[in-house]
Amino acid sequence: MRRVLLAALALALGATLATPTAAEAQAWVRDPGSGYVQLGYRVIRDADRFFDPSGDVTDIAPYTQHTLNLYGELGLVDRWLQLTVAGELFRRNVLVDQAAVAGIGDFRVGLYTGLYEPESSGRSDPFPVRITAGIEVGLPTGDPNPSPNVSQSDPNFAQLDAFADTLPTSDGEVDVTFRLLAGWGTRIRRGSRPSLDVYATGGVGYALRNTPRRLPAILEGAGDIRDQLQTRLELGIRSTRPVLDRFWFAVRYNGLYVVQNRNASGQQSFAGLGDGVEVSGIGFVVSAALWKTLRVSFGADGAVAARNLPSAAAYDLSLSYEF
Amino acid sequence: MQRAFTMRAGGGTTCALLALGVLAGCDARFELLDDSLIDPGPGVADLGLDGGNATPDAGMPDGGLDDAGLADAGLTDAGMPDAGVDAGVGSDDPLFAGTFEDRNGYTATGDVTLEDLGDGNVRITLSSGFSTAAVPGPVLIVSDRDSIGRRLDRSRDIIVFRFTRDALVGAREIVVPLTLPENPTVFTYCEPFTVETGRALVSEVTR
């Protein structure tokens with residue numbers, strides 16, 4: 001069972017359209033000294049529609065976003081403590097045929113602890129769901145206010161600065177997210193037919209957002225980014241038939257919702273990093289084992305409803321290794 | 001065409017500090033991908049509401065009417081009593097007024113008037129109830145069409161003002177060299193993403 005759960009963990013790292021990184025911690029806390037590292041590339045290409053602040057879709061100039069993401073987990077104390085680090089090593093925001101901004105993005109550091117593990121009761125899976133709590137701190141390592149790098153006396157400064165403001169690589173604030181995660185996995189035996197491994201994982205989080213530093217001038221004095229509720233659910237399956245057992249298939253749902261003054265107009269955000277961003281997204285991921293615990297995964301996510309977010313599918317390709 | 005700007009000085013140092021675990025941000029690198037996007041725009045004098053202290057906007061070189069490309073509609077306004085809006089404003093010069101309405105989920109409020117000053121300039125007055133959304137790159141546009149859509153036609157959609165944070169709310173007077181089209185419309189607009197954030201369908205009024 002443990003092997004199934006760990007294999008599921010290697011896959012259960014979903015993407016969202018509006019979170020800084022493509023991977024997130026799950027309910028399985030790693031053993032001390034064991035870890036997981038994932039390098040992923042994500043692209044949102046030629047998004048020419050936009051979920052406006054009221055949730056309606058409007059046409060916009062095409063927008064493309066490339067990110068190179070790093071995610072890592074390391075078990076520190078058996079069951080009780082796991083360290084996570086997630087961040088964008090590189091982010092390039094592009095207003096197609098207009099302007100682009102590139103640089104490092106934001107990072108998140110988290111600590112997770114196992115609240116409940118089935119094995120901890122000493123009996124055989126009395127309640128086969130493990131529950132984990134965590135806290136993550138978001139660090140504004142990117143640039144919330146890119147500069148056009150021309151003098152303010154340049155006659156084109158105002159226009160160029162407006163384009164640069166549109167393409168931040170950071171939300172500009174230190175935030176704290178409290179998360180509660182649950183995970184379940186089992187092997188379904190089907191007589192003489194190959195068994196199926198399945199898992200379900202999900203969680204909720206509350207993000208305490210803060211006041212961004214060094215905002216673009218157009219947003220100065222706008223105050224705190226409103227707090228958000230995060231939700232996610234992922235269901236995965238694989239066959240135990242030889243060769244097929246290398247592949248996991250999963251579907252996932254991600255939600256991000258403003259919980260303070262939800263209908264206030266807020267600061268607005270076009271790049272998915274500022275205030276007022278909401279999304280209800282669904283997606284899928286396929287993961288294949290290449291060699292031992294080295295895996296390659298491909299996934300796609302799209303928003304079925306959102307606010308202040310480009311309307312386009314996000315595609316992920318990642319390489320992960322578990323040790 | 002592509003023009004790249006170099007990373008800001010100190011960015012490397014900042015990133016090195018980041019590697020040491022110090023909380024600091026890394027400056028990003030900006031590129032303009034199409035030089036033709038640079039908009040000369042009309043020359044603008046932002047008078048503020050107290051008037052008198054005309055402050056030519058150094059950021060907007062005078063493109064003049066030729067740049068604007070708006071045909072002189074040659075409007076004549078018969079029978080408009082001179083309300084004495086301003087010295088030098090002829091009674092035959094048209095005056096338009098309208099109220100902003102929301103567009104694309106963004107809120108815009110307040111009134112706007114367009115006064116042809118008769119000397120090639122137009123005075124644009126935003127009322128005390130004016131407000132528009134703090135989107136990136138917000139601009140004020142006078143156009144001869146009632147919908148801009150997703151692409152600016154820079155010969156018809158004239159950017160007359162670039163909003164600063166302080167200018168997003170409240171009264172303002174702007175004087176700009178411009179020939180008003182026959183049926184002008186005023187927009188607040190996000191230039192980078194080409195999104196209308198407010199619109200005022202103005203109509204000619206008596207002085």
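The values are calculated or read from the model by the stated rules, or taken from the named source; none is laboratory data. What you are looking at is a predicted structure, and each value in this text was computed from that prediction instead of being measured. Cβ atoms come from the backbone with ideal geometry, glycine included; neighbour counts cover every protein chain shown.
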Q: Working carefully through the options B:193, B:161, find the one that is in contact (Cβ under 8 Å) with a residue 12 or more places away in the chain, buried (at least 22 other Cβ atoms within 10 Å of the Cβ), among the hydrophobic types (A, V, I, L, M, F, W, C) and touching an Asp or Glu at 6+ places or on another chain (Cβ under 8 Å).
A: B:161
Q. In the list B:206, B:188, B:125, B:113, which residue meets the criterion of being closer than 26 Å to residue A:94 by Cα and either touching a residue at least 12 places away in the same chain (Cβ under 8 Å) or not small (Gly, Ala, Ser) (or both)?
A. B:188
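Yes/no per residue for (1) surrounded by fewer than 19 Cβ atoms within 10 Å (Cβ to Cβ); (2) of a type in the set (Gly, Ala, Ser); (3) modelled with pLDDT of 95 or more:
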{"residue": "A:219", "(1), (2), (3)": "no, no, no"}
{"residue": "A:232", "(1), (2), (3)": "no, no, no"}
{"residue": "A:254", "(1), (2), (3)": "no, no, no"}
{"residue": "A:265", "(1), (2), (3)": "yes, yes, no"}
{"residue": "A:268", "(1), (2), (3)": "no, no, no"}
{"residue": "A:306", "(1), (2), (3)": "no, yes, no"}
{"residue": "A:309", "(1), (2), (3)": "no, no, no"}
{"residue": "A:322", "(1), (2), (3)": "yes, no, no"}
Q) Of all residues in segment A:128-147, which are in a strand (DSSP E or B) and either over 16 Å from residue A:179 (Cα atoms) or within 14 Å of chain B (Cβ to nearest Cβ) (or both)? A) A:137, A:138, A:139
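For every residue, the table says whether it meets (1) surrounded by 22 or more Cβ atoms within 10 Å (Cβ to Cβ); (2) touching a Ser or Thr at 6+ places or on another chain (Cβ under 9 Å); (3) modelled with pLDDT under 85; (4) within 14 Å of another protein chain (Cβ to nearest Cβ).
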site	(1), (2), (3), (4)
A:13	yes, yes, yes, no
A:19	yes, no, yes, no
A:23	yes, yes, yes, no
A:30	yes, no, no, no
A:35	no, no, no, no
A:45	no, yes, no, no
A:48	no, yes, no, yes
A:53	yes, yes, yes, yes
(Q) If a residue must be surrounded by 15 or more Cβ atoms within 10 Å (Cβ to Cβ), in a strand (DSSP E or B) and hydroxyl-bearing (Ser, Thr, Tyr), how many such residues does segment A:163-210 contain? (A) 5
Q: Identify the single condition in (1) in a strand (DSSP E or B); (2) more than 8 Å from chain B (Cβ to nearest Cβ); (3) crowded, with 18+ Cβ neighbours inside 10 Å that residue A:60 does not satisfy, given that it satisfies every other one.
A: (2)
Q) Which members of segment B:91-121 meet the condition of being among the aliphatic types (A, V, I, L, M) and within 19 Å of residue B:167 (Cα to Cα)? A) B:108, B:112, B:114
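Inside segment A:148-182, can you point out the residues that are on the phi > 0 side of the Ramachandran plot and more than 7 Å from chain B (Cβ to nearest Cβ)?
Of everything in segment A:148-182, just one residue is on the phi > 0 side of the Ramachandran plot and more than 7 Å from chain B (Cβ to nearest Cβ), namely A:172.
Among the residues of segment B:109-140, count how many are in contact with an Asp or Glu (Cβ under 8 Å, 6 or more places away or on another chain), surrounded by 22 or more Cβ atoms within 10 Å (Cβ to Cβ) and within 30 Å of residue A:307 (Cα to Cα). Don't jump to the end; show me each part of the working.
Here is the first cut: in segment B:109-140, the residues in contact with an Asp or Glu (Cβ under 8 Å, 6 or more places away or on another chain) are B:115-118, B:122-127, B:129-130, B:136-139.
When the remaining residues are screened for being surrounded by 22 or more Cβ atoms within 10 Å (Cβ to Cβ), the result is B:115-116, B:122, B:124, B:126, B:130, B:136-139.
Checking which are within 30 Å of residue A:307 (Cα to Cα) leaves us with B:126, B:130, B:136-139.
The number of residues fulfilling the criteria is 6.
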Q. Taking the stated definitions as given, is residue B:199 within 14 Å of another protein chain (Cβ to nearest Cβ), surrounded by 16 or more Cβ atoms within 10 Å (Cβ to Cβ) and part of a strand (DSSP E or B)?
A. yes
(Q) Looking at segment B:135-164 only, could you name the residues that are under 14 Å from the mean Cα position of the chain (by Cα), of a type outside the set (Ser, Thr, Tyr) and at the interface with another protein chain (Cβ under 9 Å from one of its Cβ atoms)? (A) B:135, B:136, B:137, B:138, B:139, B:159, B:162, B:163
Q | Matching residues, segment B:101-139, being in a strand (DSSP E or B), within 29 Å of residue A:144 (Cβ to Cβ) and out of contact with any helix residue (DSSP H, G or I) (no Cβ under 9 Å at 6 or more places or on another chain) | A | B:102, B:103, B:106, B:109
